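Taking it in order: structure first as structure tokens, then the write-up.
The values are calculated or read from the model by the stated rules, or taken from the named source; none is laboratory data. Everything numeric here is computed off the predicted structure, so don't read it as measured data. Note: ideal-geometry Cβ built from the backbone for every residue, glycine included; neighbour counts use all protein chains shown. In case anyone asks, the SASA skips ligands and DNA or RNA and just uses the protein heavy atoms, side chains included. Shrake-Rupley method; radii C 1.70, N 1.55, O 1.52, S 1.80 Å.
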Amino acid sequence: MGQWPSTKAKRVLAALLRAGWSVKRQTGSHKTLSRAGWPDFVFAFHDGEEIGPRMLARIAKHTGLLPEDL
């Protein structure tokens, strides 16, 4: 696993969409993302929110996101 930088939620969501995830539905700031072959993932962050390295590692574990995807 690579080293994760702190990043804005908007940038993480954009990286997930580029990686093949799509927004299945949204309720407020909770976006349910889906991708073939993966279980649905709930992305519950506001766009301007800062996501730290530990949370990014958890998101990566569930979505297959890599540091170079950001």
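Please determine, by comparing only the residues of region 1-22 that are open to solvent by less than 40 Å² (accessible area, probe 1.4 Å) and not small (Gly, Ala, Ser), which one is farthest from Leu65 (Cα to Cα).
Thr7
Can you tell me which residue in region 33-57 is most open to solvent (accessible area, probe 1.4 Å), limited to those that are hydrophobic (A, V, I, L, M, F, W, C) and not in a strand (DSSP E or B)?
Ala36
How many of the residues in region 1-31 are under 14 Å from Ile59 (Cβ atoms), part of a strand (DSSP E or B) and touching an Asp or Glu at 6+ places or on another chain (Cβ under 7 Å)?
Going through region 1-31 one residue at a time, the tally reaches 1.
If you go through region 23-32, how many residues are surrounded by 12 or more Cβ atoms within 10 Å (Cβ to Cβ) and in contact (Cβ under 8 Å) with a residue 12 or more places away in the chain?
3
So the check is Cβ under 6 Å with 6+ separation or different chains; which pairs have a first residue in region 45-70 that's free of Cβ contacts under 8 Å to residues at least 60 places away in the same chain and a second one that's of a type in the set (Ser, Thr, Tyr) and crowded, with 16+ Cβ neighbours inside 10 Å?
Pairs found: Ile51/Thr7.
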